[in-house]
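These notes are about the structure you will find just below.
Every number in this text was worked out from the coordinates using simple rules, so none of it is lab data. Since the model is a prediction, treat every value here as computed from it, not as a measurement. Counting neighbours? That spans all protein chains shown, and the Cβs are built from the backbone with ideal geometry, glycine included.
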Amino acid sequence: MIATPTAPEALALAPRPLTTRVGTTVRLLFANPWTPVFTPLLILGIILLMNLAIWGLVRANIPADGEMAEGVNGGAFFLFVYMLVVAVQSINQAFPLALGYGSTRRDFLLGFGVFAVLLSVGYAALIATAAWVEESTGGWGIGLQFFSTDAIWRSEWLEAFGFGTLLMLLFFGIGAATAAVYVRWRALGMYVFWAGLVFLGIGGAALVTVLGAWEQVGAFFVWAGVLGTAGWSLVITAFCAVAAWVILRRATPSQG
Amino acid sequence: MDDGRPIFLQIAELVERQIIDGSLPEGEQVPSTNEFAAFHRINPATALKGISLLVDAGVLYKRRGIGMFVADGARDRLISERRARFTTEYVRPLLREGAALGLDAAALIDLIRKESPS
Amino acid sequence: MTTIVEARGLTKRYRGVTAVDGVDFQLARNTITGLLGRNGAGKTTLMHLLTGQEFATNGSITIAGESPVENPRVLQHTCFIKESQRYPDDFKPKHVFAAAPGFFPNWDADFARELAAELRLPVDRRIKKLSRGQLSSVGIIVGLASRAPITIFDEPYLGLDAVARQAFYDRLLADYAAHPRTIILSTHLIDEVADLLEHALVIDNGRILIDSPVDALRAHAATLAGPAEAVETAVAGLEVIHRERLGGFVSATVAGITDDVTRSARAAGLEVGPVSLQQLIIRQTGGTPTEHEEVTR
C-alpha cells in the first residue's frame with residue numbers, strides 16, 4: 001500500500017499541565033490501594049476488634065462494683081510507623097519506575113507530596129473521629145482507650161485532627177528523606193546517614209547536659225504545648241522534604 | 001528470507017518472480033508494504049524500498065489512496081530482462097563448472113537433453 | 001528524514017571508567033534503530049542519558065532539540081523498558097497497567113489486554129512471584145501499548161522463549177506499521193532482530209563503531225572463501241574485517257565490497273557468501289587477534 005499511516009507532524013512539545021503530571025504519580029502510588037489504604041485499615045479493624053473482645057471479657061469477669069482499671073492501649077499508632085514504611089517503599093521502588101515511564105524527578109516528588117498529604121489528612125481525620133467516638137461512648141461502653149490514649153486526642157476534634165496530620169506528615173517526611181539517601185547512595189549512604197543521626201542525637205543530648213539546659217528544653221515543650229510541639233515538627237518535616245528533593249534531584253536510579 | 005543481499009532487493013525479486021510465474025497477473029493489486037513487512041518479518045521501510053524499486057522500474061504503478069498494481073506489459077518486460085541475464089547468471093557458470101570437471105560444451109548439451117522432460 | 005535524537009560529543013565517565021566516550025550520532029524520527037554491542041559496551045548508559053536519568057559528563061544529547069534532563073516537554077514522549085526493571089513489591093501486573101495511562105497519553109488498554117492474553121501473563125499475580133519471562137512480558141506490554149513516540153527497549157526479553165519473542169517481534173512490526181514511532185531496540189540477539197531494523201548503531205567500549213542503515217551494511221560486506229592466493233588477490237585493497245585460515249584455504253570477511261569485486265571473485269572461482277549482521281558485528285567488536293590473545297592469556 002502506498003498510503004503509509006500519517007504520523008503526527010512533530011512531537012507536541014507543550015507539556016501536559018503540572019496537575020496531570022503530578023496526578024500521574026499519585027495514581028501510580030495508589031495503583032495498588034491495598035498497601036496505603038485497605039491493608040492498614042484492615043489491620044486496624046482487627047486489632048480494635050480483638051481489643052474490644054479481650055477488654056470486654058476482662059470487664060465481664062470483674063464484679064460491677066469492683067475496682068475498675070482503664071484499658072489503655074495505643075494500638076492505633078502502628079499506623080504512623082506503617083506510613084513511614086510506605087514512604088520508604090514508594091521512594092525506593094516507585095521512583096525508578098516513574099522515571100523509566102517518562103516522569104521527571106520533580107513531578108514524582110510533588111506527586112509523592114500530594115500522596116503523603118492525602119493519607120495524613122485521611123488517617124488523622126479517622127483517628128480524631130474514632131477518638132471522639134471513643135470518648136463519647138465511654139470507651140466503646142467498656143472503658144477501652146484505643147484511640148484516645150493522650151490528652152491531645154481527647155481534646156477538640158480539630159486539635160486532634162491537626163496534631164495527627166502533623167505527626168503523620170513528619171513520619172512521611174522522615175521516610176522520604178531516608179529512602180532518598182538510600183536511592184542516591186545505597187547502603188553506604190544508609191551507614192553514613194544513621195551514624196550521622198546517632199551522632200547528632202548523642203551530641204545534642206551531651207550539649208544540653210553540658211550546658212545544663214535540660215530545664216529550658218523541658219520548659220520549651222511545656223511552653224509550646226502538645227499542638228505547638230507538633231507545629232514545630234513541621235520544621236523537621238519541611239527540612240526532610242527539601243532534603244529528599246535535593247538528594248533525588250541528582251539521583252540516578254540506573255545505579256541500583 | 002536471506003541470501004546475503006539487501007532485503008529490499010530480495011523483496012523486489014520476489015514480486016518479480018510472482019509476476020513472471022503468473023501468480024501476480026497484470027492489473028492485479030500487490031500486497032501493501034505493511035503486509036509484506038508483517039509476512040516476511042522485516043522493517044516496513046525496507047519493504048517500501050523494495051516496492052519503490054519496482055515502481056521506479058515501471059513494473060508496478062501507484063493508484064493514489066488505493067494501492068500498488070502490476071503494470072501492463074510488466075511480465076513481458078521482466079521476462080526479456082531475465083533472458084538477457086540468463087547467459088551471465090546460468091550459462092557461463094555452467095560452462096565454467098563443466099570445464100573444471102572435464103565436460104565440454106557438447107557433453108553439457110547431452111546432459112541437458114537427458115534431463116529435459118520429453 | 002527528521003532527526004529526533006542527536007548526540008554530540010556525548011561522554012559519561014564514572015569514577016575512572018568512561019562508559020560513553022565522545023559519541024556523535026543522530027536518529028531519524030519514526031525508524032527502528034538497533035543499539036547493538038557487547039555487554040558493558042555502554043548501551044544502557046547511553047539509554048539512561050537519552051532519557052535524562054543519567055547526567056552527561058561532557059557533550060550533549062537531545063530529543064527534538066531539547067535536553068531530556070528534568071524536561072517534561074520531551075520526557076512525556078518517552079517510554080524506557082529496562083532489562084531489569086523493578087516494580088513496587090506489592091504490585092501485580094494489573095497495577096502497572098492501571099498506572100500506565102497517566103504516563104502515556106496514547107496508552108491502548110485493549111491492546112495491553114490482548115498482549116497479556118497472547119503472552120499468557122497472569123495479570124493478577126504478585127510481580128514478585130512472576131518468572132523472569134513473565135516479568136519481561138510486563139515490560140514488553142507496557143512498551144508496546146504505551147505507543148510512546150520514543151520507545152526504548154533494553155534487552156526486553158530476558159527469559160522469554162522463542163515463541164514469545166517471535167510474538168513480540170510480530171506485534172512490534174504490526175503496531176509500528178500502524179502507529180509509526182521512533183523505536184530503539186537494544187539487544188544482543190542480533191540475528192533475530194536484524195530484519196526488523198532500519199538502522200544499526202553499534203557501540204563498543206563507549207564509542208560508536210557502526211552507524212549505518214542495515215541495508216547498506218548487508219550490501220557492503222561479504223565473505224570470500226577459496227585458495228589463499230586467490231582470496232588475497234581478490235581482497236587486495238579492501239578492508240578485511242576478519243580472516244580465517246585452514247591450511248591453504250582462506251575465508252575473509254570484507255567490508256566495502258562492490259558488485260565488481262563480487263563478480264571478479266566469482267570469476268576467480270571463489271565462494272562469495274553473505275555476512276549476517278550478527279557476524280559482521282562480532283567481527284567488528286571481537287577485537288584484533290593480538291587483543292584476543294591478551295584476553296585468552
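Legend: translational diffusion of the range C:120-212 by Stokes-Einstein, Rh = Kirkwood radius over C-alpha pairs, 37 °C, 0.692 mPa s; D = 228 µm²/s.
The reciprocal of the average 1/r between distinct C-alpha atoms defines the Kirkwood hydrodynamic radius, which for the range A:98-190 equals 15.3 Å.
Rounded to whole Å, the principal axis extents of the Cα atoms in the range C:3-205 read 45, 35, 35, largest first. For chain C, averaging the sequence separation of C-alpha pairs within contact (under 8 Å, six or more residues apart) and dividing by the residue count gives a relative contact order of 19 percent. Under the Kirkwood approximation for Rh and a Cα-based Rg, what ratio Rg/Rh is obtained for the range C:217-296? The Rg/Rh ratio comes out at 0.98. Comparing A:ARG105, A:ARG59, A:ARG184 in a Gaussian network model of chain A, where Cα atoms under 10 Å apart are tied by springs, the biggest mean-square fluctuation is seen for A:ARG59. The alpha carbon radius of gyration of the protein assembly as shown, expressed as a multiple of 2.2 N^0.38 Å, is 1.33. Each part reduced to its alpha carbon centroid, the range B:36-62 and the range C:32-78 end up 32 Å apart. Once both labels are positioned 7 Å from their Cα atoms along Cα-to-Cβ, the gap between C:ARG263 and A:ILE47 label points is 8.7 nm. Each stretch of four or more DSSP H residues adds -39500 (n - 2.57); spread over every residue of chain C, this sum gives -10500 deg cm²/dmol at 222 nm.
The trypsin sites (Lys or Arg not before Pro) of the range B:45-118 meeting both criteria, a DSSP state outside H, G, I, E and B (loop) and at most 14 other C-beta atoms within 10 angstrom of the site's C-beta, are B:ARG64. For the residues A:VAL208, A:VAL85, A:VAL183, a GNM of chain A with alpha-carbon springs under 10 Å puts the largest fluctuation on A:VAL208.
Computed with the Debye formula from one identical point scatterer per Cα of the range A:126-256, without solvent, the log10 of I(q)/I(0) at q = 0.11 Å⁻¹ comes to -0.60. Of the three principal axes defined by the Cα atoms of the range B:7-73, the extents in descending order read 29, 27, 19 Å. A crude spin-label estimate for the pair B:ARG64 and C:ALA236, with each label 7 Å from Cα along the Cβ direction, gives 5.7 nm. Here is the tail figure for the range B:75-115: Cα pairs spaced more than 16 Å apart come to 46 percent of all pairs. For chain A, the 222 nm mean residue ellipticity estimated from helices alone, with every DSSP H stretch of n ≥ 4 adding -39500 (n - 2.57) and the total spread over all residues, rounds to -24500 deg cm²/dmol. Rounded to the nearest 20 debye, the dipole size of chain C about its Cα centre is 1020 debye, using +1 on the Cβ of Lys and Arg and -1 on the Cβ of Asp and Glu.
Spatially, the range B:86-118 and the range A:109-173 are offset by 97 Å when compared through their Cα centroids. Overall size of chain A from C-alpha positions, given as principal axis extents largest first: 94, 57, 31 Å.
For chain B, the C-alpha radius of gyration divided by 2.2 N^0.38 Å, with N the number of residues, is 1.35.
Which one, C:ILE63, C:LEU130, C:GLN76, projects farthest toward the positive side of the charge dipole computed for the range C:3-205 from Cβ point charges (K/R +1, D/E -1)? Of the options given, the answer is C:LEU130. Under the combined filter of DSSP loop state and at most 15 neighbouring Cβ atoms within 10 Å, the range B:1-52 retains these GluC sites (Glu not before Pro): B:GLU26, B:GLU28.
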